[in-house]
Amino acid sequence: MPELPEVQTVVTDLNQKIIGDEIVDFWSDTSGAIKNSTIKKFSKEIVGRKIILARRIGKNIFIDLSGGKTLYIHLKMTGHLLIKEAKPPIGGLASKYFQEKVNQYIHHVWYLKACNTQHVTRNKGEKYDKTLEFSDLRKFGKIVLVDTDKIDELKEIKSLGIDALSSKFSFKKFEKILNNKKKSPIGMVLMDQNLIAGIGNIYRSEILFESGVAPGRKIENLSLAEIKKIYQNIISVLKKAIRYRGTSDSDYRDTSGAPGGFQKVMKVYNREKQKCKKCGTIIKRKKLAQRSIFFCEKCQK
């Protein structure tokens, strides 16, 4: 599942590529993904609206539309959003990526008309300049149209903890979270979206490796210095992953269909039985709260 860096990469792309565009049509072959509505009703409610802003809360994407409505999108396990020009440059790099198998599972398409550009015509006669397409192999993705001023009332958002890159996520806030979970392993706390939103399986492994802390250590046994390291590495690892445009461990791709690059610099995640890049010890994997976590026994105590 895409984590905070992947979702932030997508949101940044959306803001750069489709702000101001008007939705002129919508197509879907998977009605189950559109919650609380039918495809026909959903299409009728969004057509004619302009895209105002894309934003993120945890791993959730929100695309604000004109008229006080917002598209809430969750990519789930295998989903990613692609932005395609109606008439792409011949031989462009993006066209190569779009042809890859991972980008071929298109189940939802928003047709967009850009401001002040020459339009092309679809077979049906509607005019559009680009498409926003939702590729989702396993079809677990979720799309909901909500009132913009009621986003905070969504049960998925109400239950979320503080965003890991929020300006409000201070060291004192982190200490307070940990103080309420003293008997819990740090590896479980970092993954709990009800406490801290945005960190998933990939980045908790990397954060704890950079901090030199074993994933099974209980909060009550961590020193103040270790807690400070973990806090600092939450921010630094996530920001580094954003600079690398996320991790393409599996299906994740950016809006151009391109893979992220963080997997090239990962220290422990998905490196079981390989040598630690720091000390040469063999990386191990174990289950923690039903999820795999990767670590170095020598570097992490």
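Take the residues in segment 5-36 that are among the polar types (S, T, N, Q) and farther than 13 Å from H108 by Cβ; name whichever of them is farthest from the chain's Cα centre (by Cα). I'd like the intermediate steps shown before the answer.
Of all residues in segment 5-36, those among the polar types (S, T, N, Q) come to 8-9, 12, 15-16, 28, 30-31, 36.
Filter again for farther than 13 Å from H108 by Cβ, leaving 8-9, 12, 15-16, 36.
On the way: Q8: 6, T9: 8, T12: 11, N15: 15, Q16: 17, N36: 23 Å.
By that ranking, first place goes to N36.
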Residue ID - farthest from S159 (Cα to Cα), chosen from residues in segment 22-59 that are small (G, A, S) and without any contact (Cβ under 8 Å) to a residue 24 or more places away in the chain: S43
Filter pass, Q193 being in a loop (DSSP other than H, G, I, E, B) and outside the structural domain of I61 (by TED's automatic domain parsing): yes
Number of the exception - G257 against (1) assigned by TED's automatic domain parsing to the domain that holds E175; (2) more than 30 Å from K96 (Cα to Cα); (3) at pLDDT 95 or above: (2)
For T255: the one exception among (1) touching a Gly at 6+ places or on another chain (Cβ under 8 Å); (2) assigned to a loop (DSSP other than H, G, I, E, B): (1)
Conditions (1) at pLDDT 95 or above; (2) within 20 Å of the chain's Cα centre (by Cα): number failed by G68: (2)
Qualifying residue in segment 278-295 (condition: at pLDDT 95 or above and touching a Gly at 6+ places or on another chain (Cβ under 7 Å)): yes
Filtered residues of segment 225-261 (kept if of a type in the set (D, E, K, R) and closer than 19 Å to L82 by Cβ): R245, D249, D251, R253, D254
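Out of segment 93-134, which residues are basic (K, R), modelled with pLDDT of 90 or more and within 30 Å of S250 (Cβ to Cβ)?
Narrowing segment 93-134 to residues basic (K, R): 96, 101, 113, 122, 124, 127, 130.
Narrowing the set further to residues that are modelled with pLDDT of 90 or more leaves 101, 113, 130.
Scanning segment 93-134 gives K101, K130.
Condition test on N194, is it more than 20 Å from the chain's Cα centre (by Cα) and farther than 20 Å from V268 by Cβ?
Judged against the criteria, N194 is not a match.
Do we have any residue at all in segment 58-80 that's under 26 Å from M191 (Cβ atoms), among the charged types (D, E, K, R) and surrounded by 15 or more Cβ atoms within 10 Å (Cβ to Cβ)? Walk me through it before giving the result.
From segment 58-80, those under 26 Å from M191 (Cβ atoms) are 58-62, 72-80; that's our starting set.
Cutting the leftovers down to among the charged types (D, E, K, R) gives us 59, 76.
If we keep only those that are surrounded by 15 or more Cβ atoms within 10 Å (Cβ to Cβ) too, we end up with 59, 76.
Scanning segment 58-80 turns up at least one residue that is under 26 Å from M191 (Cβ atoms), among the charged types (D, E, K, R) and surrounded by 15 or more Cβ atoms within 10 Å (Cβ to Cβ).
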Qualifying residue in segment 224-243 (condition: over 15 Å from the mean Cα position of the chain (by Cα), crowded, with 22+ Cβ neighbours inside 10 Å and more than 21 Å from K168 (Cα to Cα)): no
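So that you can scan it fast, the table gives a plain yes or no per residue for (1) touching a residue at least 24 places away in the same chain (Cβ under 8 Å); (2) buried (at least 16 other Cβ atoms within 10 Å of the Cβ):
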site: V146; (1), (2): yes, yes
site: S159; (1), (2): yes, no
site: A164; (1), (2): yes, yes
site: S170; (1), (2): no, no
site: K173; (1), (2): no, no
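Return the only residue of N15, N36 being at pLDDT 95 or above and more than 15 Å from Y252 (Cβ to Cβ).
On the way: N36 fails: at pLDDT 95 or above.
Testing whether each residue is at pLDDT 95 or above and more than 15 Å from Y252 (Cβ to Cβ) leaves just N15.
Restricting to segment 228-247, what's the tally of residues that are outside any helix (DSSP H, G or I) and under 24 Å from V189 (Cα atoms)?
Applying the first criterion (outside any helix (DSSP H, G or I)) to segment 228-247 yields 244-247.
Narrowing the set further to residues that are under 24 Å from V189 (Cα atoms) leaves 246-247.
Of the residues in that region, 2 qualify.
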Test: residue in segment 240-257 that is of a type in the set (A, V, I, L, M, F, W, C) and within 28 Å of K181 (Cα to Cα): yes
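The values are calculated or read from the model by the stated rules, or taken from the named source; none is laboratory data. Owing to the predicted nature of the structure, the values given are computational and were not obtained by experimental measurement. Note that we place each Cβ from the backbone using ideal geometry, even for glycine, and neighbour counts take in every protein chain shown.
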